[in-house]
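Here, each number is a calculation from the coordinates, and none is a lab measurement. These numbers come from a predicted model, not from an experiment. So basically every Cβ, Gly included, is an ideal-geometry build from the backbone, and we count neighbours across all protein chains shown.
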Amino acid sequence: MDTPLIGPETLLGFPAPYWFLAFFKVFGFSLHMIPMNLWYAGLLTVLLAGRFGGENARRLRDRFLKALLILIALGINFGIVPLLFTQVAYYQVFYPATILMAWPWFSVILLVMLAYYGVYIYVVGLSRPSLSPFRRAFGWLAAGLFIFVGFLFANGFSLMTNVSGWQALWRSTSFAGAALGTGLNLADPSLVPRWLMMFGLALTTTGAYVLVDSAFFAAKEKVEYRQWARRFAFAVYTGGMLWFALAGSWYFFGTLGSEIRLTLLRSPTLILTLLTALSPGLPWLVIRFNMDREARGLALLTGFAQYGVVALNAVSRQIVQNAELAPVVDVTAQPVRLQPSPMIVFLVLFVVGLGIVYWMVLQAVKAGRRPTQEA
């Protein structure tokens with residue numbers, strides 16, 4: 001394949017073995033996806049529920065937006081990890097792809113900041129007797145911006161592997177041979193189904209979050225609200241699972257190359273493919289079983305099961321990504337020149353960071369307990 005735009009191989013080599021880079025890329029991406037899903041689909045979901053639902057729906061909306069300020073911060077910080085390891089392991093395709101769409105790619109920073117301030121303005125208004133239409137508009141604006149940011153990310157990471165489309169995109173968005181950085185991967189048939197599939201996955205995460213929130217963080221709320229929240233979680237998860245199945249089928253059967261599809265349907269990868277496709281069924285069953293009772297253990301199981309759903313999708317996506325890039329670059333065969341010092345610093349800071357997040361969650365759980373439970 002003629003790929004003059006692909007980056008040259010570095011003489012420095014990888015600073016760590018490929019398995020190390022791939023593990024933290026996938027692990028970090030899975031951690032990032034949980035809060036990111038809540039901005040991506042969760043914000044729009046609760047705004048719609050609050051707009052067209054009753055008192056309980058409005059209560060969920062207000063609770064969700066207050067928590068979203070922290071969830072946005074967590075998602076951004078967790079997102080640094082997969083982005084870092086993507087840049088290290090996939091530099092030959094990451095940088096050319098993001099140069100071709102440089103302005104949309106850089107705009108993500110500004111768009112996320114604007115969306116964050118939109119949520120902040122909305123939440124500040126919740127402390128007042130009534131929420132003005134002006135502040136409500138910022139909530140809807142933030143939801144739209146987060147969905148658009150998801151579209152830009154889908155463009156960036158699908159363009160990374162759509163190497164055969166680079167030449168045409170460069171010719172259509174360049175001047176005197178210089179890339180203007182205004183391209184988007186719109187000609188790629190996998191873009192829209194992939195974007196929609198991730199939105200469906202985000203809806204399932206939203207459903208799981210609502211259940212976990214009602215069990216661990218809403219102890220001071222009325223019993224009626226928590227009962228309603230469990231039913232709402234089941235409805236959202238069901239809708240998200242169906243959306244994920246339809247968009248995923250479109251992506252898998254309609255846009256993946258036949259060789260890649262055969263690889264995913266061939267043993268031993270077939271097991272992972274089946275687990276990825278069927279994994280939303282476990283949280284769905286647990287939520288359904290938990291819908292008529294208040295059981296923290298089942299809610300906790302739902303949370304862990306949903307992380308498993310997200311992680312399986314991340315692993316499967318990594319396999320597809322490597323298969324799509326195999327004709328042009330074999331990232332697993334890159335030379336390694338081990339640099340233990342930055343690896344140790346990263347591991348220490350990563351563990352400390354996870355410990356701090358765990359402590360923050362524990363404090364939030366304690367703050368949400370009933371006054372009688374505090375004694």
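Phi angles of the stretch 343-357 translate, via the Karplus equation with coefficients 6.51, -1.76, 1.60 and θ = phi - 60°, into HN-Hα couplings of 5, 5, 4, 4, 4, 5, 5, 5, 5, 4, x, 5, x, 5, 4 Hz per residue; Gly and Pro are given as x. Here semi-axes √(5λ) of the Cα gyration tensor in Å was calculated from the structure, and among [x] 42, 26, 18; [y] 33, 24, 22; [z] 37, 23, 21 it sits at label [z].
Distance from the Cα centroid of the stretch 159-174 to that of the stretch 277-309 is 42 Å (rounded to whole angstrom).
In the chain, the calculated helix contribution to ellipticity at 222 nm averages -25500 deg cm²/dmol per residue, counting -39,500 (n - 2.57) for every DSSP H run with n ≥ 4. Peptides 106-119, 146-159 ordered by packing proxy, namely the average of other Cβ atoms within 10 Å per residue, highest first: 146-159, 106-119.
For the stretch 90-155 versus the stretch 228-270, the spacing of their alpha-carbon centroids is 26 Å.
Cross-link partners of Lys222 among lysines, defined as those whose alpha carbon lies under 20 angstrom from its own and excluding same-chain residues fewer than eight positions apart: Lys66, Lys366.
Near Val336, the amide H atoms lying under 5 Å from its own belong to Phe14; only residues 5 or more places off or on other chains count, and H is placed 1.01 Å from N. Relative to the Cα centre, the charge distribution of the stretch 246-375, modelled as +1 at Lys and Arg Cβ and -1 at Asp and Glu Cβ, gives a dipole magnitude of about 320 debye. Whole-Hz Karplus values for the stretch 322-334 come out as 5, 5, 5, 8, 3, x, 10, 7, 10, 5, 6, 9, 5 Hz, taken residue by residue from phi with 6.51 cos²θ - 1.76 cosθ + 1.60 and θ = phi - 60°; glycine and proline positions read x.
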